[in-house]
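The values are calculated or read from the model by the stated rules, or taken from the named source; none is laboratory data. As the structure is a computational prediction, the values presented were derived from the model and not from experiment. In this analysis, Cβ positions are derived from the backbone assuming ideal geometry, glycine residues included, and neighbour counts consider all displayed protein chains. For the accessible areas, the whole protein counts, side chains as well, though only heavy atoms, and no ligand, DNA or RNA atoms are used. Shrake-Rupley method; radii C 1.70, N 1.55, O 1.52, S 1.80 Å.
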Amino acid sequence: MAHDAREPPLASSSIPIIGHAIGLARRSFEYYVDLSKQTNAPIVTVSLPGQKMYVVTKPDLIQQAQKQHRTLAFPPIAAKFATTVVGLSKEAQVILADNVNGDDGDHGLSMETYTAMRVALKPGPELDDMNRAMLAEINKMLHQLSAETGTKLSLYAWLQDSLTVATTRAIYGPMNPFEDKEIADAFWDFEEGLMSIVIGFLPSLTARKPVAARNKAVRAFQEYYKNGGIEQASAYAKSRYEVEVSNKFPPEDIARSSVGGTIALLVNTVPGVFWTMLHIFSYTGLLQQVRAEIDACTRTSDPVSDGDNVTNTIDVATLKENCPLLLSTYHEVLRYRTIGSSVREVREDTELGPFLLKKGAMLQMPARVIHTDASCWGNTDFNPSRFLPEEKKSRPGDICFRAFGGGKTLCPGRHFATNEILAVVALFIARFDVKEPTGGWKMPTTTKTNVAAAAMGPDNDVDIEFMTREGFKGISWAVKLEASDKIFSIVSEDL
(Lines give C-alpha, C1' and ligand atoms only; values in the text may rest on other atoms or scores of the structure.)
Protein backbone atom coordinates (compact mmCIF):
# COMPACT_ATOMS: atom_id res chain seq x y z
CA MET A 1 0.00 0.00 0.00
CA ALA A 2 1.43 3.34 -1.07
CA HIS A 3 2.37 5.80 1.66
CA ASP A 4 1.52 9.49 1.20
CA ALA A 5 4.04 11.95 2.61
CA ARG A 6 1.17 13.69 4.42
CA GLU A 7 0.26 10.54 6.33
CA PRO A 8 1.69 9.77 9.77
CA PRO A 9 5.30 8.52 9.61
CA LEU A 10 5.81 4.87 8.82
CA ALA A 11 6.83 2.65 11.71
CA SER A 12 9.78 0.64 10.51
CA SER A 13 9.96 -3.13 10.73
CA SER A 14 12.91 -5.49 10.33
CA ILE A 15 10.73 -7.93 8.37
CA PRO A 16 8.83 -6.44 5.39
CA ILE A 17 5.03 -6.84 5.12
CA ILE A 18 4.54 -9.23 8.06
CA GLY A 19 6.93 -7.73 10.63
CA HIS A 20 4.31 -5.74 12.57
CA ALA A 21 1.89 -8.68 12.51
CA ILE A 22 4.59 -10.87 14.06
CA GLY A 23 5.32 -8.16 16.65
CA LEU A 24 1.65 -7.97 17.65
CA ALA A 25 1.44 -11.76 17.93
CA ARG A 26 4.53 -11.90 20.14
CA ARG A 27 4.12 -8.79 22.27
CA SER A 28 0.33 -8.42 22.27
CA PHE A 29 -0.80 -5.23 24.05
CA GLU A 30 2.80 -4.15 24.76
CA TYR A 31 3.67 -3.90 21.07
CA TYR A 32 2.06 -0.48 20.71
CA VAL A 33 4.10 0.74 23.69
CA ASP A 34 7.23 -0.54 21.95
CA LEU A 35 6.28 1.36 18.77
CA SER A 36 5.62 4.54 20.71
CA LYS A 37 9.06 4.45 22.33
CA GLN A 38 10.82 3.65 19.05
CA THR A 39 9.19 6.35 16.94
CA ASN A 40 8.56 9.16 19.45
CA ALA A 41 5.83 10.46 17.10
CA PRO A 42 2.27 11.43 18.15
CA ILE A 43 0.85 9.04 15.54
CA VAL A 44 2.45 6.39 13.31
CA THR A 45 1.44 4.32 10.31
CA VAL A 46 1.62 0.55 10.71
CA SER A 47 1.38 -1.61 7.59
CA LEU A 48 -0.26 -4.97 8.13
CA PRO A 49 -1.05 -7.58 5.48
CA GLY A 50 -4.09 -6.21 3.66
CA GLN A 51 -4.68 -3.36 6.12
CA LYS A 52 -3.20 0.04 6.88
CA MET A 53 -3.43 1.13 10.50
CA TYR A 54 -2.68 4.38 12.29
CA VAL A 55 -1.69 4.23 15.97
CA VAL A 56 -2.16 7.38 18.09
CA THR A 57 0.36 7.73 20.91
CA LYS A 58 -0.43 11.18 22.35
CA PRO A 59 -3.59 12.45 24.07
CA ASP A 60 -3.94 15.71 22.09
CA LEU A 61 -4.62 13.81 18.86
CA ILE A 62 -7.05 11.51 20.68
CA GLN A 63 -9.16 14.53 21.61
CA GLN A 64 -9.23 15.65 17.99
CA ALA A 65 -10.10 12.16 16.76
CA GLN A 66 -13.04 11.86 19.19
CA LYS A 67 -14.59 15.01 17.75
CA GLN A 68 -14.64 13.55 14.22
CA HIS A 69 -16.96 10.63 14.90
CA ARG A 70 -18.61 10.77 11.48
CA THR A 71 -15.43 10.18 9.48
CA LEU A 72 -13.50 8.37 12.21
CA ALA A 73 -16.25 5.96 13.15
CA PHE A 74 -16.65 3.18 15.71
CA PRO A 75 -20.16 1.71 15.05
CA PRO A 76 -19.22 0.14 11.68
CA ILE A 77 -16.35 -1.70 13.36
CA ALA A 78 -18.58 -2.81 16.23
CA ALA A 79 -21.14 -4.13 13.74
CA LYS A 80 -18.53 -6.14 11.82
CA PHE A 81 -17.00 -7.46 15.02
CA ALA A 82 -20.40 -8.50 16.41
CA THR A 83 -21.34 -10.17 13.13
CA THR A 84 -18.25 -12.35 13.24
CA VAL A 85 -18.11 -12.98 16.97
CA VAL A 86 -21.72 -14.09 17.49
CA GLY A 87 -22.43 -15.35 13.96
CA LEU A 88 -25.31 -13.10 12.90
CA SER A 89 -27.49 -14.22 10.00
CA LYS A 90 -27.44 -12.43 6.62
CA GLU A 91 -30.85 -10.93 7.41
CA ALA A 92 -29.58 -9.56 10.72
CA GLN A 93 -26.47 -8.13 9.06
CA VAL A 94 -28.61 -6.13 6.63
CA ILE A 95 -30.72 -4.73 9.51
CA LEU A 96 -27.62 -3.84 11.53
CA ALA A 97 -25.95 -2.13 8.56
CA ASP A 98 -28.86 0.28 8.05
CA ASN A 99 -27.64 3.76 9.12
CA VAL A 100 -25.01 2.01 11.23
CA ASN A 101 -23.06 5.21 11.95
CA GLY A 102 -26.04 7.54 12.34
CA ASP A 103 -25.23 9.54 9.21
CA ASP A 104 -28.96 9.86 8.46
CA GLY A 105 -30.19 10.53 12.00
CA ASP A 106 -30.77 8.50 15.16
CA HIS A 107 -32.91 5.74 13.63
CA GLY A 108 -31.90 2.14 12.97
CA LEU A 109 -30.81 -0.72 15.19
CA SER A 110 -27.26 0.51 15.76
CA MET A 111 -28.13 4.06 16.82
CA GLU A 112 -31.23 3.08 18.80
CA THR A 113 -29.27 0.43 20.70
CA TYR A 114 -26.59 2.94 21.71
CA THR A 115 -29.30 5.35 22.89
CA ALA A 116 -31.15 2.65 24.86
CA MET A 117 -27.94 1.57 26.60
CA ARG A 118 -26.93 5.11 27.53
CA VAL A 119 -30.37 5.89 28.96
CA ALA A 120 -30.65 2.65 30.97
CA LEU A 121 -27.11 2.84 32.35
CA LYS A 122 -26.89 6.51 33.25
CA PRO A 123 -27.00 7.38 36.96
CA GLY A 124 -30.61 7.45 38.13
CA PRO A 125 -33.47 5.24 39.33
CA GLU A 126 -33.13 2.54 36.64
CA LEU A 127 -29.40 2.07 37.26
CA ASP A 128 -29.97 2.16 41.02
CA ASP A 129 -32.50 -0.68 40.75
CA MET A 130 -30.05 -2.79 38.74
CA ASN A 131 -27.24 -2.00 41.16
CA ARG A 132 -29.36 -2.99 44.16
CA ALA A 133 -30.18 -6.34 42.56
CA MET A 134 -26.49 -6.89 41.84
CA LEU A 135 -25.45 -5.88 45.39
CA ALA A 136 -27.95 -8.29 46.94
CA GLU A 137 -26.38 -11.14 44.96
CA ILE A 138 -22.87 -10.08 45.95
CA ASN A 139 -23.86 -10.10 49.62
CA LYS A 140 -25.25 -13.62 49.19
CA MET A 141 -22.06 -14.90 47.58
CA LEU A 142 -19.94 -13.47 50.40
CA HIS A 143 -22.30 -14.97 52.99
CA GLN A 144 -21.82 -18.38 51.36
CA LEU A 145 -18.07 -17.83 51.33
CA SER A 146 -18.03 -17.09 55.06
CA ALA A 147 -18.84 -20.74 55.75
CA GLU A 148 -15.55 -21.73 54.09
CA THR A 149 -13.18 -19.51 56.08
CA GLY A 150 -9.85 -21.05 57.00
CA THR A 151 -9.60 -22.75 53.61
CA LYS A 152 -7.79 -21.75 50.44
CA LEU A 153 -9.57 -19.92 47.67
CA SER A 154 -8.56 -19.70 44.01
CA LEU A 155 -9.35 -16.01 43.77
CA TYR A 156 -9.84 -15.47 40.03
CA ALA A 157 -11.88 -18.66 39.54
CA TRP A 158 -14.13 -17.78 42.49
CA LEU A 159 -14.64 -14.23 41.24
CA GLN A 160 -15.42 -15.45 37.74
CA ASP A 161 -18.04 -17.96 38.93
CA SER A 162 -19.58 -15.63 41.51
CA LEU A 163 -19.67 -12.41 39.49
CA THR A 164 -21.05 -14.21 36.44
CA VAL A 165 -24.15 -15.16 38.41
CA ALA A 166 -24.44 -11.92 40.40
CA THR A 167 -24.11 -9.68 37.36
CA THR A 168 -26.29 -11.60 34.94
CA ARG A 169 -29.03 -12.18 37.53
CA ALA A 170 -29.20 -8.42 38.07
CA ILE A 171 -29.42 -7.89 34.30
CA TYR A 172 -31.61 -10.76 33.12
CA GLY A 173 -33.74 -11.40 36.20
CA PRO A 174 -34.72 -14.64 37.97
CA MET A 175 -34.88 -16.68 34.73
CA ASN A 176 -31.29 -15.71 33.93
CA PRO A 177 -29.73 -18.35 31.62
CA PHE A 178 -26.46 -18.22 33.57
CA GLU A 179 -28.10 -19.77 36.63
CA ASP A 180 -27.18 -23.01 34.89
CA LYS A 181 -23.44 -23.46 35.51
CA GLU A 182 -23.09 -25.36 32.24
CA ILE A 183 -24.24 -22.26 30.39
CA ALA A 184 -21.94 -20.01 32.43
CA ASP A 185 -18.99 -22.33 31.73
CA ALA A 186 -19.93 -22.43 28.04
CA PHE A 187 -19.86 -18.63 27.92
CA TRP A 188 -16.33 -18.52 29.33
CA ASP A 189 -15.18 -21.23 26.91
CA PHE A 190 -16.55 -19.05 24.12
CA GLU A 191 -14.84 -15.95 25.50
CA GLU A 192 -11.51 -17.75 25.86
CA GLY A 193 -11.57 -18.77 22.19
CA LEU A 194 -13.06 -15.54 20.91
CA MET A 195 -10.02 -14.46 18.89
CA SER A 196 -9.83 -17.83 17.14
CA ILE A 197 -13.34 -17.08 15.86
CA VAL A 198 -12.39 -13.56 14.77
CA ILE A 199 -9.19 -14.39 12.90
CA GLY A 200 -9.83 -18.01 11.94
CA PHE A 201 -10.77 -19.23 8.47
CA LEU A 202 -14.09 -21.10 8.58
CA PRO A 203 -14.38 -20.90 12.40
CA SER A 204 -16.94 -23.72 12.46
CA LEU A 205 -13.96 -25.92 11.56
CA THR A 206 -10.95 -24.07 13.01
CA ALA A 207 -12.60 -22.83 16.23
CA ARG A 208 -14.94 -25.69 16.99
CA LYS A 209 -14.82 -25.53 20.78
CA PRO A 210 -15.64 -21.78 21.19
CA VAL A 211 -18.25 -21.94 18.42
CA ALA A 212 -19.96 -24.92 20.06
CA ALA A 213 -19.84 -23.14 23.44
CA ARG A 214 -21.30 -19.97 21.89
CA ASN A 215 -24.12 -21.92 20.27
CA LYS A 216 -24.94 -23.56 23.60
CA ALA A 217 -25.30 -20.13 25.22
CA VAL A 218 -27.38 -18.94 22.24
CA ARG A 219 -29.83 -21.82 22.68
CA ALA A 220 -30.18 -20.96 26.37
CA PHE A 221 -31.08 -17.37 25.50
CA GLN A 222 -33.60 -18.57 22.90
CA GLU A 223 -35.35 -20.53 25.64
CA TYR A 224 -35.11 -17.54 27.97
CA TYR A 225 -36.94 -15.25 25.55
CA LYS A 226 -39.40 -17.96 24.51
CA ASN A 227 -40.39 -18.51 28.16
CA GLY A 228 -40.84 -14.81 28.92
CA GLY A 229 -37.73 -14.33 31.02
CA ILE A 230 -37.28 -10.80 29.68
CA GLU A 231 -40.49 -9.70 31.43
CA GLN A 232 -38.70 -9.81 34.81
CA ALA A 233 -35.39 -8.43 33.56
CA SER A 234 -33.73 -5.07 34.18
CA ALA A 235 -34.62 -1.90 32.29
CA TYR A 236 -31.31 -2.26 30.44
CA ALA A 237 -32.10 -5.76 29.13
CA LYS A 238 -35.69 -4.84 28.30
CA SER A 239 -34.73 -1.72 26.37
CA ARG A 240 -32.15 -3.56 24.26
CA TYR A 241 -34.66 -6.32 23.54
CA GLU A 242 -37.41 -3.85 22.59
CA VAL A 243 -35.09 -2.05 20.16
CA GLU A 244 -34.19 -5.33 18.47
CA VAL A 245 -37.81 -6.45 18.22
CA SER A 246 -38.96 -3.09 16.83
CA ASN A 247 -36.23 -3.29 14.17
CA LYS A 248 -37.42 -6.81 13.23
CA PHE A 249 -34.23 -8.55 14.30
CA PRO A 250 -34.78 -12.34 13.90
CA PRO A 251 -35.35 -14.16 17.24
CA GLU A 252 -32.22 -16.32 16.97
CA ASP A 253 -30.13 -13.24 16.26
CA ILE A 254 -31.59 -11.53 19.34
CA ALA A 255 -30.28 -14.49 21.35
CA ARG A 256 -26.91 -14.23 19.61
CA SER A 257 -26.80 -10.49 20.33
CA SER A 258 -27.47 -11.22 24.02
CA VAL A 259 -24.50 -13.57 24.21
CA GLY A 260 -22.32 -10.90 22.62
CA GLY A 261 -23.69 -8.21 24.91
CA THR A 262 -22.80 -10.28 27.96
CA ILE A 263 -19.13 -10.02 27.02
CA ALA A 264 -19.16 -6.32 27.88
CA LEU A 265 -20.92 -7.04 31.18
CA LEU A 266 -18.41 -9.56 32.48
CA VAL A 267 -15.00 -9.78 30.88
CA ASN A 268 -13.52 -6.63 32.42
CA THR A 269 -15.34 -6.60 35.78
CA VAL A 270 -13.77 -9.87 36.94
CA PRO A 271 -10.15 -8.75 36.36
CA GLY A 272 -11.07 -5.33 37.76
CA VAL A 273 -11.96 -6.86 41.13
CA PHE A 274 -9.09 -9.34 41.00
CA TRP A 275 -6.35 -6.76 40.44
CA THR A 276 -7.83 -4.24 42.89
CA MET A 277 -7.86 -6.83 45.65
CA LEU A 278 -4.36 -8.09 44.88
CA HIS A 279 -2.86 -4.61 44.80
CA ILE A 280 -4.51 -3.76 48.13
CA PHE A 281 -3.28 -7.00 49.72
CA SER A 282 0.28 -6.66 48.43
CA TYR A 283 1.05 -2.91 48.69
CA THR A 284 2.67 -2.20 52.05
CA GLY A 285 0.22 -0.64 54.52
CA LEU A 286 -2.53 -0.14 51.94
CA LEU A 287 -4.92 -2.78 53.30
CA GLN A 288 -4.95 -1.21 56.75
CA GLN A 289 -5.58 2.29 55.38
CA VAL A 290 -8.34 1.26 53.00
CA ARG A 291 -9.97 -0.94 55.65
CA ALA A 292 -10.01 2.00 58.08
CA GLU A 293 -11.93 4.05 55.50
CA ILE A 294 -14.44 1.24 54.94
CA ASP A 295 -14.88 0.59 58.68
CA ALA A 296 -15.66 4.29 59.17
CA CYS A 297 -18.45 3.94 56.58
CA THR A 298 -19.92 0.79 58.16
CA ARG A 299 -23.04 1.15 60.28
CA THR A 300 -23.36 -1.35 63.14
CA SER A 301 -26.85 -2.03 64.42
CA ASP A 302 -27.75 -1.62 68.08
CA PRO A 303 -28.82 -5.03 69.46
CA VAL A 304 -31.15 -3.30 71.91
CA SER A 305 -33.10 -1.16 69.45
CA ASP A 306 -32.54 -3.15 66.22
CA GLY A 307 -32.97 -6.71 67.49
CA ASP A 308 -30.77 -9.46 68.90
CA ASN A 309 -28.51 -9.96 65.88
CA VAL A 310 -25.75 -7.47 65.17
CA THR A 311 -25.70 -6.37 61.54
CA ASN A 312 -23.02 -4.35 59.80
CA THR A 313 -24.33 -2.37 56.82
CA ILE A 314 -22.28 -0.77 54.06
CA ASP A 315 -23.82 1.80 51.73
CA VAL A 316 -22.03 1.97 48.37
CA ALA A 317 -23.02 5.60 47.93
CA THR A 318 -21.22 6.37 51.20
CA LEU A 319 -18.12 4.53 50.00
CA LYS A 320 -17.93 6.80 46.98
CA GLU A 321 -18.25 9.87 49.16
CA ASN A 322 -15.97 8.96 52.07
CA CYS A 323 -13.30 6.50 50.89
CA PRO A 324 -10.89 8.55 48.78
CA LEU A 325 -8.00 6.06 49.06
CA LEU A 326 -10.20 3.13 48.01
CA LEU A 327 -11.39 5.10 44.98
CA SER A 328 -7.88 6.28 44.17
CA THR A 329 -6.59 2.71 44.33
CA TYR A 330 -9.34 1.47 42.01
CA HIS A 331 -8.67 4.37 39.64
CA GLU A 332 -4.96 3.56 39.63
CA VAL A 333 -5.64 -0.15 39.01
CA LEU A 334 -7.56 0.86 35.89
CA ARG A 335 -4.67 3.03 34.72
CA TYR A 336 -2.11 0.35 35.48
CA ARG A 337 -4.00 -2.70 34.19
CA THR A 338 -6.11 -1.40 31.29
CA ILE A 339 -4.99 -2.53 27.82
CA GLY A 340 -8.04 -1.73 25.69
CA SER A 341 -7.80 0.27 22.49
CA SER A 342 -10.34 2.67 21.03
CA VAL A 343 -10.68 1.68 17.38
CA ARG A 344 -12.06 3.73 14.49
CA GLU A 345 -12.64 3.15 10.79
CA VAL A 346 -11.47 5.97 8.51
CA ARG A 347 -14.56 6.40 6.33
CA GLU A 348 -13.12 9.15 4.14
CA ASP A 349 -9.84 11.01 3.82
CA THR A 350 -9.57 12.98 7.07
CA GLU A 351 -7.15 15.52 8.49
CA LEU A 352 -6.04 14.83 12.06
CA GLY A 353 -3.84 17.68 13.17
CA PRO A 354 -1.13 18.05 10.50
CA PHE A 355 -1.61 14.47 9.29
CA LEU A 356 -3.76 12.95 6.54
CA LEU A 357 -5.62 9.73 7.32
CA LYS A 358 -6.61 7.74 4.23
CA LYS A 359 -10.05 6.26 3.66
CA GLY A 360 -10.20 2.53 4.46
CA ALA A 361 -7.50 2.57 7.10
CA MET A 362 -8.02 1.73 10.78
CA LEU A 363 -7.23 4.10 13.64
CA GLN A 364 -6.08 2.69 17.00
CA MET A 365 -5.86 4.68 20.24
CA PRO A 366 -4.33 2.18 22.72
CA ALA A 367 -4.91 3.05 26.38
CA ARG A 368 -1.75 1.23 27.40
CA VAL A 369 0.42 3.66 25.42
CA ILE A 370 -1.10 6.71 27.11
CA HIS A 371 -1.20 5.11 30.57
CA THR A 372 2.52 4.27 30.48
CA ASP A 373 3.69 7.60 29.04
CA ALA A 374 6.07 9.16 31.56
CA SER A 375 5.67 12.56 29.88
CA CYS A 376 2.03 12.44 31.05
CA TRP A 377 2.26 10.64 34.37
CA GLY A 378 5.83 10.95 35.59
CA ASN A 379 6.74 7.75 37.42
CA THR A 380 4.33 5.14 36.01
CA ASP A 381 4.87 2.53 38.73
CA PHE A 382 1.74 1.56 40.66
CA ASN A 383 0.84 4.36 43.08
CA PRO A 384 -2.46 3.98 45.01
CA SER A 385 -2.38 7.64 46.08
CA ARG A 386 -2.10 9.00 42.54
CA PHE A 387 -5.80 9.84 42.21
CA LEU A 388 -6.39 11.35 45.65
CA PRO A 389 -8.05 14.79 45.41
CA GLU A 390 -4.98 16.51 46.86
CA GLU A 391 -2.83 15.01 44.07
CA LYS A 392 -4.86 16.58 41.26
CA LYS A 393 -2.29 19.30 40.49
CA SER A 394 0.42 16.72 39.86
CA ARG A 395 -1.72 14.62 37.48
CA PRO A 396 -2.14 15.16 33.75
CA GLY A 397 -5.45 16.20 32.16
CA ASP A 398 -8.34 13.76 32.27
CA ILE A 399 -7.91 12.91 28.57
CA CYS A 400 -4.82 10.92 29.62
CA PHE A 401 -7.04 8.41 31.41
CA ARG A 402 -8.48 5.98 28.84
CA ALA A 403 -9.82 2.99 30.82
CA PHE A 404 -13.38 3.49 29.51
CA GLY A 405 -12.52 5.01 26.14
CA GLY A 406 -13.97 8.45 25.55
CA GLY A 407 -16.05 10.73 23.40
CA LYS A 408 -19.24 9.51 21.73
CA THR A 409 -18.40 5.85 22.38
CA LEU A 410 -17.49 6.22 26.06
CA CYS A 411 -18.40 2.98 27.87
CA PRO A 412 -21.98 3.46 29.15
CA GLY A 413 -21.61 0.69 31.75
CA ARG A 414 -18.77 2.33 33.70
CA HIS A 415 -20.99 3.34 36.65
CA PHE A 416 -22.52 -0.13 37.00
CA ALA A 417 -19.07 -1.76 36.83
CA THR A 418 -17.61 0.70 39.32
CA ASN A 419 -20.38 0.05 41.86
CA GLU A 420 -19.90 -3.70 41.50
CA ILE A 421 -16.12 -3.63 41.84
CA LEU A 422 -16.15 -1.28 44.83
CA ALA A 423 -18.84 -3.34 46.57
CA VAL A 424 -17.04 -6.67 46.20
CA VAL A 425 -13.69 -5.23 47.28
CA ALA A 426 -15.11 -3.28 50.23
CA LEU A 427 -17.24 -6.12 51.57
CA PHE A 428 -14.44 -8.68 51.25
CA ILE A 429 -11.93 -6.42 53.02
CA ALA A 430 -14.44 -5.55 55.74
CA ARG A 431 -15.36 -9.17 56.45
CA PHE A 432 -12.18 -11.21 55.96
CA ASP A 433 -8.51 -11.30 56.76
CA VAL A 434 -6.12 -12.78 54.20
CA LYS A 435 -2.92 -14.57 55.13
CA GLU A 436 0.16 -13.37 53.26
CA PRO A 437 1.63 -16.26 51.22
CA THR A 438 4.97 -17.75 52.18
CA GLY A 439 7.56 -15.70 50.33
CA GLY A 440 5.24 -12.71 50.00
CA TRP A 441 2.73 -11.63 47.39
CA LYS A 442 3.67 -12.24 43.77
CA MET A 443 1.70 -10.66 40.93
CA PRO A 444 0.79 -13.11 38.13
CA THR A 445 2.25 -12.48 34.70
CA THR A 446 -0.18 -11.42 31.96
CA THR A 447 1.41 -12.60 28.70
CA LYS A 448 -1.54 -14.85 27.77
CA THR A 449 -4.13 -12.05 28.02
CA ASN A 450 -6.87 -12.25 25.40
CA VAL A 451 -5.93 -9.62 22.82
CA ALA A 452 -9.59 -8.53 22.60
CA ALA A 453 -9.79 -7.77 26.33
CA ALA A 454 -9.77 -4.28 27.80
CA ALA A 455 -8.02 -5.39 31.00
CA MET A 456 -5.06 -7.68 31.64
CA GLY A 457 -5.88 -11.24 32.55
CA PRO A 458 -3.61 -13.28 34.86
CA ASP A 459 -1.64 -16.17 33.39
CA ASN A 460 -2.25 -18.13 36.59
CA ASP A 461 -4.69 -17.94 39.47
CA VAL A 462 -3.73 -16.85 42.98
CA ASP A 463 -4.66 -19.08 45.91
CA ILE A 464 -5.43 -17.13 49.08
CA GLU A 465 -6.04 -18.35 52.62
CA PHE A 466 -8.77 -16.28 54.23
CA MET A 467 -10.64 -16.19 57.52
CA THR A 468 -13.27 -14.07 59.27
CA ARG A 469 -11.77 -10.95 60.79
CA GLU A 470 -11.00 -11.20 64.46
CA GLY A 471 -13.90 -9.84 66.49
CA PHE A 472 -16.39 -10.14 63.60
CA LYS A 473 -17.63 -13.72 64.05
CA GLY A 474 -21.40 -14.06 64.25
CA ILE A 475 -22.04 -10.65 62.69
CA SER A 476 -24.46 -10.42 59.79
CA TRP A 477 -23.72 -8.16 56.84
CA ALA A 478 -25.88 -6.07 54.56
CA VAL A 479 -25.08 -3.87 51.59
CA LYS A 480 -27.30 -1.16 50.18
CA LEU A 481 -27.36 1.73 47.77
CA GLU A 482 -29.22 4.82 48.83
CA ALA A 483 -30.25 7.20 46.08
CA SER A 484 -27.47 9.71 45.70
CA ASP A 485 -26.48 12.44 43.26
CA LYS A 486 -22.86 11.54 43.97
CA ILE A 487 -21.16 9.62 41.17
CA PHE A 488 -17.56 8.57 40.89
CA SER A 489 -16.29 11.01 38.24
CA ILE A 490 -13.80 8.63 36.73
CA VAL A 491 -13.58 10.22 33.26
CA SER A 492 -13.65 13.80 32.05
CA GLU A 493 -17.15 13.36 30.61
CA ASP A 494 -18.48 12.74 34.14
CA LEU A 495 -17.27 16.08 35.44
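Some values worked out for this structure:
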read-out	value
2 or more residues among the basic types (Lys, Arg) and modelled with pLDDT of 95 or more: qualifying helices (runs of 4 or more DSSP H) within segment 190-272	208-226, 235-246
Selected residue (criterion: nearest to residue 429 (Cα to Cα)) from residues of segment 453-467 that are open to solvent by less than 50 Å² (accessible area, probe 1.4 Å) and in a loop (DSSP other than H, G, I, E, B)	462
Residue under evaluation residue 415, criteria (1) of a type outside the set (D, E, K, R); (2) part of a loop (DSSP other than H, G, I, E, B); (3) more than 24 Å from residue 46 (Cβ to Cβ), criterion not met	(2)
Unique match (being open to solvent by 20 Å² or more (accessible area, probe 1.4 Å) and touching a helix residue (DSSP H, G or I) at 6+ places or on another chain (Cβ under 7 Å)) among 93, 68, 51	93
Given (1) among the basic types (Lys, Arg); (2) in contact (Cβ under 8 Å) with a residue 60 or more places away in the chain; (3) surrounded by fewer than 17 Cβ atoms within 10 Å (Cβ to Cβ), index of the condition residue 392 fails	(2)
Residue satisfying condition, being modelled with pLDDT under 85, surrounded by fewer than 19 Cβ atoms within 10 Å (Cβ to Cβ) and in a loop (DSSP other than H, G, I, E, B), within set 482, 493, 470	482
Selected residue [outside the structural domain of residue 378 (by TED's automatic domain parsing) and either over 30 Å from residue 62 (Cβ atoms) or among the hydroxyl-bearing types (Ser, Thr, Tyr) (or both)] from 284, 350	350
Residue pairs meeting the criteria (Cβ under 6 Å; at least 6 apart or on separate chains; first assigned by TED's automatic domain parsing to the domain that holds residue 378, in segment 396-422; second β-branched (Val, Ile, Thr) and part of a loop (DSSP other than H, G, I, E, B))	404/491
Residues located in segment 360-389, provided they are among the acidic types (Asp, Glu) and open to solvent by less than 60 Å² (accessible area, probe 1.4 Å)	373
Residue satisfying condition, being closer than 30 Å to residue 54 by Cβ, hydroxyl-bearing (Ser, Thr, Tyr) and more than 18 Å from the chain's Cα centre (by Cα), within set 84, 149	84
Pairs, first over 15 Å from residue 71 (Cα atoms) in segment 330-353, second aromatic (Phe, Trp, Tyr), C-beta under 7 Å, six or more apart	331/387; 332/382; 332/387; 333/275; 335/401; 336/382; 337/275; 339/29
Test: residue 34 is open to solvent by 10 Å² or more (accessible area, probe 1.4 Å) and in contact (Cβ under 8 Å) with a residue 40 or more places away in the chain	no
Residue in segment 121-134 that is under 29 Å from residue 281 (Cα atoms) and either at pLDDT 95 or above or in contact with a strand residue (DSSP E or B) (Cβ under 9 Å, 6 or more places away or on another chain) (or both) present	yes
Residue within segment 38-59 that is part of a helix (DSSP H, G or I), touching a residue at least 60 places away in the same chain (Cβ under 8 Å) and of a type outside the set (Asp, Glu) present	yes
